[in-house]
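The values are calculated or read from the model by the stated rules, or taken from the named source; none is laboratory data. Everything numeric here is computed off the predicted structure, so don't read it as measured data. As a convention, Cβ positions derive from the backbone with ideal geometry for all residues, glycine included, and neighbour counts pool all protein chains shown. When the accessible area is computed, the model is the full protein with side chains, heavy atoms only, and any ligands, DNA or RNA have been set aside. Shrake-Rupley method; radii C 1.70, N 1.55, O 1.52, S 1.80 Å.
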Amino acid sequence: MRFGSKKAKSMVLSTALVVVSFILKEAAAAGHAAAGPAATLAMLATAAVAGFPIFKKAFGALRYKVVGIDALVTIAVIGAIAIGEFWEAAAVTYLFSLGDYLESRTIEKTRSSIKALLDLAPDKVRVRRGGQDLEIGPEAVLVGDVVVVKPGEKIGVDGIVLEGSGYVNQATISGESLPVHRAEGGEVFSGTILESGYLLVEAKRVGEDTTFARILHMVEEAQDRKAKTQKFLESFSRWYTPAIVAASALLFAFSRDIELALTLLVIACPGALVISAPVAIVAGIGNGAKRGFLVKGGDIMEKLGSIKAIAFDKTGTLTAGAPEVRQVRSFAGAEDEALKIAAAGEGYSEHPLAKAILAEAASRGMAAEPAAAEIIPGRGVAFAYGGKDCLVGSRSLLADKGIALSADQESEVAREESRGRTVVLVVAGGAVLGFIAIADAARPEAAAEILALRKLGIRRIVMLTGDNPRAAQAVAQELGIDEVRAGLLPQGKVEALESLKAAYGRVAMVGDGVNDAPALAAADLGIAMGGAGSDVAMETADVVLVSADLSRLSYGLGLSRATVRVMKQNIYFALGVAGLLLAGVLVKAVNLSFGMLVHEASVLLVILNAVRLLKYGHKSTLQGRRQVQWPTAAQPAP
Amino acid sequence: MTTKPYQLETVSCPSCIAKIEGMLKRTEGVAGSQVSFATSKVKVNFDEAKIGSDQIRERIVRLGYAVLGEK
């Protein structure tokens, strides 16, 4: 056991003492005169053993003028001894420390998910320095070091493969449970596992800078980012404890009943209340992190549960983001000419459509020299090629430059678009040469996911895209999306979100996190997909889906609602118990030790209620849905 | 100024956090501190010229919270 061997020993000793005390007390009550003093002794011993850590904390805190629950219990115990209620003193200290012991054991459980992640962190790295292989801690690795990875081992750095090849399980970073092949020049991440093969990796990012370390850091910070409810409860408890001390003093002044005043002191500890929200948040965020749904804080959990509308980016989010050229149409000249010009113009572009064009050109064996092109954001590129001014891009690019399509061209383009394809037009020297029709298939899970979100009560599902209206409409229809706003530039997406917010209330935006950063920031809640590897996504988004799997969304939405529900249950329960106890004390139905018993039991129940959240999303609750599996630390090499 | 995280034994109540932070706030040489309930870690920002890491540890322990390690 990591903690508490000392605590555990003290617990065993005080349990034995409290049992002896009880037997002697009963014996004394039954008329064995000799048992009386022995009982008193045993009770005082119990109070001393069980109470020592409490008193220590109380006095330690008092020195810094902080009054906590330990101080309240200490006052109560001293008071009980002063009035000769030794059994009460023993019982109260015993129950309080037993409660504290059990609570820290159970609370540890709510944190188990994050611990499971921490265990995946690499603990040693084999570096090759001066021809020798040394095993060192991951924090001692330097950027530029050559790291040697053998099968079954964890990769300890983010870097580039210098030599060798193998299959890497990257579930920690990408959420993808199938291993990927990596060879010379390939990128590998810390926290992933080399399942087979052998790699020499040049370290690019080490220690705390690696993607994996940043995910861990993010989750840790998230669990401490407080929910609104939690902040309220904390400010509440700040004046509550002193107020109770004052109330007890007043009660004593008026009633002259010290036992009553002491009981009030003990039962009024807001233990269950202050812990009600944080335990739920820790368990909820931990559960999400384990399943590739990273939520950045308790406040985000609360917001997530109350989302009314969701806006999706199309390319790369609803679709796989790997577009393919389906048709090259040439109005004038050879078919290949239009493709060649397009490939030249898009040569340096990172846009997914550009990649599709380049891939098609390569597959036809064309090697176009990339031209220095001017990028017109959201529209296309302009460049010079073969002595002519060329344009490659959307219909709106042509309209901007005053180039019109003929009626025949227009109807051909429209037909392609209504089939869900994106049309890239190619213009050279003012004449429309042809177009390239590119299709990007919807993700297989998208339609089912939209339905699941609707079942969860999302009122409006909208697609925001820079693509043309017809292509967007075709995808939207296939997936059952309510509304399409197409042809949007990045700024247009931000404006669209503002109007959605006005119309529907809380709106979430789901995007790939790279091109959609402004939109993710503009929404009430930004959700970046497959973004764990991207710095921008991790910083701008409120929620990061580790894998590019849309089904995480409905799971996460359900999880956030369950978390908020547990939080509310806990708060109402804690308030209810406090109210009942208070009433019980005032009518003298509750004494010191019984009050403490109920109080500690309520704290324990609140924690156990939060532990239930760890089970959310297990196979039984998500019918047969594919789970993102973080790899286990001890994965055997195949 | 340096910042150091200390791993504590499981902190089981959020009010303990207020206590530890309150104590550190009144400690000479400590500019700021942050206690994490989720991970039971304390991050302390302090002036090494005025107070040593060992003294900070000792103060936390004296308050009744075992320090399991520095990270």
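Worth pointing out:
- Given (1) open to solvent by 40 Å² or more (accessible area, probe 1.4 Å); (2) farther than 30 Å from A:HIS599 by Cα; (3) part of a helix (DSSP H, G or I), number of the condition A:ARG128 does not satisfy: (3)
- Looking across segment A:432-455, the residues that are open to solvent by 50 Å² or more (accessible area, probe 1.4 Å) and farther than 20 Å from A:ARG470 by Cβ come down to A:PRO444, A:ALA448, A:LEU451, A:ARG454, A:LYS455.
- Subset tally (residues that are of a type in the set (A, V, I, L, M, F, W, C) and not in a helix (DSSP H, G or I)) for segment A:535-583: 7
- When segment A:336-359 is filtered for residues that are within 12 Å of A:ALA437 (Cβ to Cβ) and open to solvent by 10 Å² or more (accessible area, probe 1.4 Å), only A:LEU353 remains.
- Only one of A:ILE78, A:ILE107, A:ILE83 that is at negative phi and open to solvent by less than 40 Å² (accessible area, probe 1.4 Å): A:ILE107
- Residues in segment A:181-222 that are assigned to a strand (DSSP E or B) and open to solvent by less than 20 Å² (accessible area, probe 1.4 Å): A:VAL188, A:ILE193, A:LEU194, A:LEU199, A:LEU200, A:VAL201, A:ALA203.
- Segment B:45-60, subset within 10 Å of the chain's Cα centre (by Cα) and of a type in the set (Lys, Arg), residue surrounded by the most Cβ atoms within 10 Å (Cβ to Cβ): B:ARG59
- The listed residues are A:ALA309, A:ALA322, A:ALA359, A:ALA368, and the only one of them that is within 30 Å of A:VAL546 (Cβ to Cβ), of a type outside the set (Asp, Glu) and free of Cβ contacts under 8 Å to residues at least 40 places away in the same chain turns out to be A:ALA359.
- Out of A:LYS290, A:LYS314, one residue alone is open to solvent by 10 Å² or more (accessible area, probe 1.4 Å) and among the basic types (Lys, Arg). It is A:LYS290.
- The test for being buried (at least 19 other Cβ atoms within 10 Å of the Cβ) and either closer than 30 Å to A:ILE160 by Cα or away from every other protein chain (no Cβ under 14 Å) (or both) does not hold for A:LEU233.
- With respect to the stated conditions, A:ILE458 is within 26 Å of the chain's Cα centre (by Cα) and open to solvent by less than 40 Å² (accessible area, probe 1.4 Å).
- The lone criterion from (1) farther than 17 Å from A:ALA61 by Cβ; (2) at pLDDT below 85 left unmet by B:LEU63 is number (1).
- All conditions but one from (1) farther than 29 Å from A:GLY492 by Cβ; (2) assigned to a helix (DSSP H, G or I); (3) at pLDDT below 85 apply to A:MET301; the one that does not is (3).
- Qualifying residue in segment A:130-143 (condition: closer than 30 Å to A:VAL279 by Cβ and β-branched (Val, Ile, Thr)): no
- Residue among A:GLY333, A:GLY321 that is open to solvent by 20 Å² or more (accessible area, probe 1.4 Å), touching a helix residue (DSSP H, G or I) at 6+ places or on another chain (Cβ under 7 Å) and more than 30 Å from A:THR110 (Cβ to Cβ): A:GLY321
- Among the residues of segment A:217-237, the one identified as over 15 Å from A:VAL564 (Cα atoms) and of a type in the set (Val, Ile, Thr) is A:VAL219.
- The one condition in (1) outside any helix (DSSP H, G or I); (2) open to solvent by 20 Å² or more (accessible area, probe 1.4 Å) that A:PHE252 fails to fulfil: (1)
- Condition met for A:GLY487 (free of Cβ contacts under 8 Å to residues at least 12 places away in the same chain, on the phi > 0 side of the Ramachandran plot and in a loop (DSSP other than H, G, I, E, B)): no
- Scanning segment B:30-44 for residues that are within 9 Å of the chain's Cα centre (by Cα) and either more than 11 Å from chain A (Cβ to nearest Cβ) or open to solvent by 30 Å² or more (accessible area, probe 1.4 Å) (or both) yields B:SER33, B:GLN34, B:LYS41, B:VAL42, B:LYS43, B:VAL44.
- Residue in segment B:15-29 that is under 11 Å from the mean Cα position of the chain (by Cα) and more than 10 Å from chain A (Cβ to nearest Cβ) present: no
- Residues of segment A:23-58 that are more than 14 Å from chain B (Cβ to nearest Cβ), of a type outside the set (Gly, Ala, Ser) and without any contact (Cβ under 8 Å) to a residue 12 or more places away in the chain: A:ILE23, A:GLU26, A:HIS32, A:PRO37, A:LEU41.
- Just one residue in the set A:ARG561, A:ARG506, A:ARG565 is touching a Ser or Thr at 6+ places or on another chain (Cβ under 8 Å) and open to solvent by 30 Å² or more (accessible area, probe 1.4 Å); that residue is A:ARG506.
- Of all residues making up segment A:383-431, the number that are closer than 22 Å to A:LEU358 by Cβ, open to solvent by 50 Å² or more (accessible area, probe 1.4 Å) and assigned to a loop (DSSP other than H, G, I, E, B): 1
- Residues in segment A:384-398 that are of a type outside the set (Lys, Arg) and under 44 Å from the mean Cα position of the chain (by Cα): A:LEU391, A:VAL392, A:GLY393, A:SER394, A:SER396, A:LEU397, A:LEU398.
- Residues that are at pLDDT 75 or above, among the aliphatic types (A, V, I, L, M) and open to solvent by less than 20 Å² (accessible area, probe 1.4 Å), drawn from segment A:523-549: A:ALA523, A:LEU525, A:ILE527, A:ALA528, A:MET529, A:ALA541, A:VAL543, A:VAL544, A:LEU545, A:VAL546
- Restricting attention to segment B:52-69 and to residues that are out of contact with any helix residue (DSSP H, G or I) (no Cβ under 9 Å at 6 or more places or on another chain), outside any strand (DSSP E or B) and in contact (Cβ under 8 Å) with a residue 24 or more places away in the chain, the residue that is nearest to B:MET1 (Cα to Cα) turns out to be B:SER53.
- Single residue of segment B:1-14 satisfying the filter (touching a residue at least 24 places away in the same chain (Cβ under 8 Å) and under 18 Å from A:ILE281 (Cα atoms)) that is nearest to the other protein chains (Cβ to nearest Cβ): B:THR10
- Test: residue in segment A:116-124 that is in a helix (DSSP H, G or I), within 30 Å of A:ILE75 (Cβ to Cβ) and touching a Leu at 6+ places or on another chain (Cβ under 8 Å): no
- Residues of segment A:374-405 classified as without any contact (Cβ under 8 Å) to a residue 40 or more places away in the chain, among the acidic types (Asp, Glu) and within 15 Å of A:LEU425 (Cβ to Cβ), total: 1
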